[in-house]
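Readers should treat all values here as calculations from the given coordinates under stated rules, not as data from a laboratory. Not measured: the values here are computed from a predicted model. We place every Cβ from the backbone using ideal geometry, glycine too, and count neighbours over all the protein chains shown.
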Amino acid sequence: MHQNPGNSNDAASRSKVGPAAAVLLSALLLSGCATFSPDGGMTVVAKATISLIALAAVTSISAIAWAGEGPKGHSDDDSFSAGEPGDPKKPARIVQVTMGEMDGKMMFMPMKVDVKKGEQIKFVLRNNGEIEHEFVLATTGENLKHAEAMKKNPDMEHDDPNAKRLAPKKADEIVWKFTKIGQFEYACLIPGHREAGMVGTVVVK
């Protein structure tokens, strides 16, 4: 029985490639995008078409894999060292914290807050001073690192649940749940303010 040369070339070509490539090649043959030359090889156009489609497929898979990872979300262990943002709808102990300047110094009042692990605190903040101040709740190491960044950009605006910047005579609040035992701090990271005394301690037991 006489065998169609085109089918013979098709089968021979598919035997040299993997299953996925064979499916792609068959689709190209049916659509007319790929043809075989008299010597049994694919035409230059067919090879170029397959190469471009294969490249596009690899690029798409890589993009999907990259997107699949997604941005790493915050976790209790690596986002907020002092705990987590509290729930304003749940009960909280109110701690009033005032900021200001006095006798050439800058300070928070009180300068120390004792908290029980798992306790939710509503910090009611008020700036009684004549200049802007901040309240940033974190570890000492984190605040020192942030303070260095603030020196390069002193007008940096905070958009974090553990920090507030207050204009003179203004008030605000932070609701925070302390889920970890340890010693933390609240500080003003505006250049020169921490050095002038604006740092307080939170002890969680």
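Structure above, values below:
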| item | result |
| --- | --- |
| Phe108 long-range amide H proximity, modeled H, under 5 Å | Val199 |
| Point-charge dipole on Cβ atoms (K/R +1, D/E -1) for the stretch 118-205, about Cα centre, debye to 20 | 240 debye |
| Peptide ranges 137-147, 180-190 listed from the most packed, as the mean C-beta count within 10 angstrom indicates | 180-190, 137-147 |
| Restraint check, Lys164/Lys205; Lys105/Lys177; Lys145/Lys180, Cα-Cα greater than 23 Å | Lys164/Lys205; Lys105/Lys177 |
| Computed E for Thr139/Ala196 - FRET, C-beta separation, R0 22 angstrom, nearest 0.05 | 0.60 |
| Proxy reagent accessibility, fewest Cβ within 10 Å first, across Val203, Val113 | Val203, Val113 |
| Integer Hz, Karplus 6.51/-1.76/1.60 couplings in order for the stretch 135-142, x for Gly and Pro | 10, 10, 9, 5, 8, 4, x, 5 |
| Global form of the stretch 84-204, assessed from the alpha-carbon gyration tensor, a/c cut-off 1.5 | prolate |
